Amino acid sequence: MQKRNQRVWVRYVVVPGWTDSDEDVHLLGQFIQDMKNIEKVELLPYHRLGAHKWEAMGEKYELEDVKPRQKNLLSI
């Protein structure tokens with residue numbers, strides 16, 4: 001995408017206890033810092049809206065015990 005100069009939106013899901021540490025966000029920044037075609041970075045709060053899909057597929061939902069954060073806690 002970068003060679004073709006396609007604009008990219010990075011959508012990063014912030015999952016409490018999984019992807020929400022300072023180190024996690026720092027590593028994301030390191031990964032994308034040299035990419036010149038990043039137009040936007042969105043931090044998406046984790047939610048459980050898709051959990052039923054795992055059950056429908058007969059799969060274990062690994063994030064069953066993860067509680068979504070309050071929206072006002074997702075800030076930089």
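No value in this document is a laboratory result; all are computed from the given coordinates. Values in this document were obtained by computation on a predicted structure and should not be read as measured data. Counting neighbours? That spans all protein chains shown, and the Cβs are built from the backbone with ideal geometry, glycine included.
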Completion exercise
Expected output for segment 11-33 (first residue outside any helix (DSSP H, G or I), partner surrounded by 12 or more Cβ atoms within 10 Å (Cβ to Cβ) and of a type in the set (D, E, K, R), Cβ below 8 Å, 6+ apart or cross-chain) is Val14/Asp20; Val14/Arg69; Pro16/Arg69; Asp20/Arg69
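Just to be sure, is Leu63 part of a loop (DSSP other than H, G, I, E, B) and exposed (fewer than 10 other Cβ atoms within 10 Å of the Cβ)?
Details: part of a loop (DSSP other than H, G, I, E, B): yes; exposed (fewer than 10 other Cβ atoms within 10 Å of the Cβ): no.
No.
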Exercise for the section: For segment 8-46, name all the residues that are aliphatic (A, V, I, L, M) and more than 22 Å from Pro68 (Cβ to Cβ). Expected result: Val8, Leu27, Ile32, Met35, Ile38
Fill in the blank from the handout: Across (1) without any contact (Cβ under 8 Å) to a residue 24 or more places away in the chain; (2) surrounded by 10 or more Cβ atoms within 10 Å (Cβ to Cβ); (3) not hydrophobic (A, V, I, L, M, F, W, C), Tyr46 clears everything bar (1)
